[in-house]
Amino acid sequence: MTLPQDGPPDLGKRQSEMNAAVKARWMAFLFEGILLALLGLAAMIVPPLASLAVTIFLGWMFLIGGVAGLFVTYLSRQMPGFWWSLFSAALAVLAGGVLLARPMQGILTLTIIVGAYFLAEGVVTIMYALEHRRELSERWSWLLMSGVMDLVIAFIIVAGLPDSAQWAIGLLVGINLVLGGASMVGMALAARKA
């Protein structure tokens, strides 16, 4: 029996190439991590401004994506599903226009959606933890705690509406940026030492 010559690439070789690439550019990762962490801290210090920035950014993303979708839909008007594609693109343009025209109301809407997401995610995570408590033994409690924290965050956001709309999105984005930046800094420093 012979093994095929064109088999999967050597995983160890690829991993060492990746490690070498990260080590060679560790300062770039360090810079990016510090920048992300600083932006996150700024968002946490001034969450209303960060919430407004996120809303305006999403407005432009919807608007640009919707206009591009209208263009592509027009070019492929003979394809099946033309009307659904046209409706979807027009809806994106409308959503982007509304977010840009009324960003403060957009912040409230996005905050409600984020609160609903944390509520749903909390319930799903708790159910997942309870269903897997036998297989995961000691670790299922971490999942349960994560689900409970999601429910607490959802309660704080929803119970505080409409006032929580001013800080919730900006604070959550800030926390995400700080944690992402810290992990990049940690990766860069570990790569430098390797």
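A 1.4 Å probe over all protein chains sorts Met18, Met149 by accessible area into Met18, Met149, starting with the largest.
The loop-placed trypsin sites (Lys or Arg not before Pro) in region 122-194, going by DSSP, that have at most 16 neighbouring Cβ atoms within 10 Å of their Cβ come out as Arg133, Arg134. The Kirkwood radius of region 102-174, taken over pairs of alpha-carbon atoms, gives through the Stokes-Einstein law at 4 °C and 1.567 mPa s a diffusion coefficient of 100 µm² s⁻¹. Compared with the alpha-carbon gap, the fully stretched path from Ala42 to Ala90 is longer by 13.8 nm at 0.36 nm per residue.
Counting Cα-Cα pairs of region 69-115 in 10 Å increments starting at 0 gives whole-percent bin shares of 27, 34, 24, 14, 0.
Under a Gaussian network description of the chain, with springs only between Cα atoms under 10 Å, the residue in Leu49, Leu86, Leu108 that fluctuates furthest is Leu86. At a threshold of 8 angstrom on Cα-Cα distance, excluding pairs fewer than six apart, so keeping six or more, what relative contact order does region 38-142 reach in percent? About 27 percent, as a whole number. Among Gly106, Gly12, Gly170, the residue with the largest mean-square fluctuation in a Gaussian network model of the chain, with springs joining Cα atoms closer than 10 Å, is Gly12. At an R0 of 41 angstrom, the distance between the Cβ atoms of Met61 and Trp142 translates into a FRET efficiency of 0.75. Shown is the FRET efficiency for Thr109 and Arg192, computed with R0 = 30 Å from the Cβ-Cβ distance and rounded to the nearest 0.05: 0.10.
Using just its DSSP H runs of length 4 or more, each adding -39500 (n - 2.57), the chain gives a mean residue ellipticity at 222 nm of -28500 deg cm²/dmol after division by all residues. Per residue, how large is the accessible surface of region 37-78? Use a 1.4 angstrom probe and give square angstrom. Roughly 65 Å² per residue, with all protein chains present.
Measuring nothing but protein heavy atoms, the accessible surface of the chain at 1.4 Å probe radius is 74 percent carbon and sulfur. Global dimensions of region 30-120 from alpha-carbon coordinates: Rg and Dmax equal 17.0, 51 Å.
The values are calculated or read from the model by the stated rules, or taken from the named source; none is laboratory data. Note that the structure is a prediction, hence the values are computed from the model and not measured. Using ideal geometry, Cβ is built from the backbone for each residue, glycine included, and neighbour counts are taken over all protein chains shown. In case anyone asks, the SASA skips ligands and DNA or RNA and just uses the protein heavy atoms, side chains included. Shrake-Rupley method; radii C 1.70, N 1.55, O 1.52, S 1.80 Å.
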